[in-house]
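The values are calculated or read from the model by the stated rules, or taken from the named source; none is laboratory data. Everything quoted here is computed from the prediction, not taken from an experiment. Quick reminder, even Gly has a Cβ in these numbers, built from the backbone with ideal geometry, and neighbours come from all protein chains shown. The protein model used for the area step is the full one, side chains on, heavy atoms only, and it has no ligands, DNA or RNA in it. Shrake-Rupley method; radii C 1.70, N 1.55, O 1.52, S 1.80 Å.
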Amino acid sequence: MATTEPTKKETAPRHHAAAGHAAHAGRYTEAVGRRKTAIARVRIVAGKGKVTVNGKDLKSYFTVPRLVAAAKAPLEQLQIADIDVSVKVIGGGINAQAEAIRLGLARAIIEKSAEWKPRLHVMGFLTRDSRMVERKKYGKRKARRSPQWAKR
């Protein structure tokens, strides 16, 4: 079949994965951090150093000082005080959420300026901790624990 008309596939505009980033290129930088089942979407924008998590202040969301320090660790270690951070976090417990925020914040900083990457990598903030709870299998009491065996 020799037609000279272009097919529909040839005339359709090409969409790139990076096209979604162009919409917010001037406003904020976004990255995602995960830990166990917690997922944190972190957005950074130039500002005065304010950090909000799910609409609350960081210290009122994480009441434990250790978790506040863990979530803000990339900013504290790099001594960055001129950006505002907005986080939406779902799933997991508070410890996993804090670590997910830490990873997302480190990734967002790199997205904004790649010169921080070597320092963040050395500090271990770019490592995705992929450990999750193993699923329960049928015929088992837990993920691996077998039922008690009785000879008689």
Task: segment 78-104-segment 29-65 distance, computed between alpha-carbon centres (Å) - done: 4 Å
Open item on the list: Suppose each label sits 7 Å from its Cα in the direction of the beta carbon; what would the residue 64-residue 37 distance come out to in nanometres?
Closed with: 1.8 nm
Open item on the list: Please report the carbon-and-sulfur percent of the accessible area for segment 24-94; probe 1.4 Å, protein heavy atoms only, DNA, RNA and ligands left out.
Closed with: 53 percent
Open item on the list: Once R0 is set to 41 Å, what does the formula 1/(1 + (r/R0)^6) return for the Cβ-Cβ distance between residue 150 and residue 130, expressed as a FRET efficiency to the nearest 0.05?
Closed with: 0.60
- [ ] Could you work out how far apart the two model spin labels at residue 46 and residue 141 are, taking each label as a point 7 Å from the Cα in the direction of the beta carbon, and quote it in nm?
- [x] 6.1 nm
Task: Residue-normalised accessible area of segment 23-125, expressed per residue, 1.4 Å probe, Å² - done: 54 Å²
TODO: From largest accessible area down, sort 145, 66; use a 1.4 Å probe on the protein chains.
DONE: 66, 145
Task: Packing-based ranking, highest mean first, of 101-110, 40-49 given that Cβ atoms within 10 Å are counted - done: 101-110, 40-49
TODO: Can you spot the lysines whose alpha carbon is less than 23 Å from residue 142's alpha carbon? Ignore those fewer than 8 places along the same chain.
DONE: 36, 151
Open item on the list: Run the reach check for residue 50 against aspartates and glutamates, Cα to Cα strictly under 17 Å, same-chain hits fewer than 8 apart removed. What comes back?
Closed with: 30, 76, 82, 84
Open item on the list: Using the basic label-point model (7 angstrom from Cα toward the beta carbon), what is the residue 113 to residue 88 distance in nanometres?
Closed with: 2.8 nm
